[in-house]
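Below is one structure; the comments refer to it alone.
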Amino acid sequence: MRLRPYVHSHDFDLMKNWITNERAHALWCANRVGFPLEKEEFDRFVEQQFEREGDQAFVAAKDDGSIVGFICCSVNYDSNEAMLKFVLVDPSQRGKGYGKEMVRLAAQYCYDIAKAGLVHLNVFTANAAARRCYESAGFTERNTADDAFVYKNESWGRCNMTIMRDKLPICR
C-alpha cells in the first residue's frame, strides 16, 4: 500500500459511496460536510480544510493502484503536532488491515516528511471499530472529552489518541 495525494477529479467518484448512512457520515466527519457527499461541495470542503488548517488530503492505494482509503493530515506549527483527520476506508475493504496500514503510513509521513514531534487523531467513543483499528496501529488514548458531539438522540465522547515515533511500526 502507498499514500498518494487525493485528486478530486479522479478519486471522488470512487469514494463518494463509501459512506452509506447519516450516522456513519457523522462518525466520519462530525457533519462538517453534507450527506450524501456531493462532488462540488466536497471539493470546496477539502480546499477549505487546506486553507484553514493546512490539511493535505491523501488516498491509500493498493499495489494495483485501486484506492481503499482517504485521510487528511495537518501540522500545527505552534505545537509541532500533526493531526490525522477524516479517516475513511472503503466498506468492502474493511477488516483486511488497510485502515491500520493507512494510518501508520500517514503517521510515518507526518514524522518523516512533515517533521512533526507528535501525531494524534480524534475518534468518537461511539466508533468502536475505528478505535480498535487505531489501537492496532499503535495509537494510545491521550484523553477523552465526554459529550463532545450530539448526533440525533445520542451524545458521543471524543477520544484523542497519539502515536509516538518510537512506537510507530516500520511500514513496508
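Some observations on this one:
- Flag for His25 being under 14 Å from the mean Cα position of the chain (by Cα) and surrounded by 13 or more Cβ atoms within 10 Å (Cβ to Cβ): yes
- Exactly one residue out of Ser74, Ser66, Ser92 is touching a strand residue (DSSP E or B) at 6+ places or on another chain (Cβ under 8 Å) and hydroxyl-bearing (Ser, Thr, Tyr), and it is Ser74.
- Inter-residue pairs, beta-carbon under 6 Å, first without any contact (Cβ under 8 Å) to a residue 60 or more places away in the chain and in segment 1-19, second among the basic types (Lys, Arg), 6+ apart: Phe12/Lys39
- If you go through segment 115-163 and pick out every residue that is under 13 Å from Ala82 (Cα atoms) and either loosely packed, with under 13 Cβ neighbours inside 10 Å or over 15 Å from the mean Cα position of the chain (by Cα) (or both), you end up with 4.
- Residues of segment 83-99 classified as on the phi > 0 side of the Ramachandran plot and hydrophobic (A, V, I, L, M, F, W, C), total: 1
- Note on segment 98-152: residues that are over 14 Å from Cys73 (Cα atoms), hydrophobic (A, V, I, L, M, F, W, C) and touching a Leu at 6+ places or on another chain (Cβ under 8 Å) amount to 4.
- Boolean, Gly34 is exposed (fewer than 13 other Cβ atoms within 10 Å of the Cβ) and in contact with a helix residue (DSSP H, G or I) (Cβ under 8 Å, 6 or more places away or on another chain): yes
- Residue in segment 63-76 that is under 16 Å from Ala129 (Cα atoms), in contact with a helix residue (DSSP H, G or I) (Cβ under 8 Å, 6 or more places away or on another chain) and in a helix (DSSP H, G or I) present: no
- Tallying residues that are in a loop (DSSP other than H, G, I, E, B) and either among the charged types (D, E, K, R) or touching a residue at least 12 places away in the same chain (Cβ under 8 Å) (or both) within segment 80-97 yields 4.
- Residue in segment 91-102 that is at pLDDT 95 or above, among the aliphatic types (A, V, I, L, M), under 24 Å from Asn31 (Cβ atoms) and within 12 Å of the chain's Cα centre (by Cα) present: yes
The values are calculated or read from the model by the stated rules, or taken from the named source; none is laboratory data. Keep in mind the model is a prediction, meaning the values are calculated, not measured. In this analysis, Cβ positions are derived from the backbone assuming ideal geometry, glycine residues included, and neighbour counts consider all displayed protein chains.
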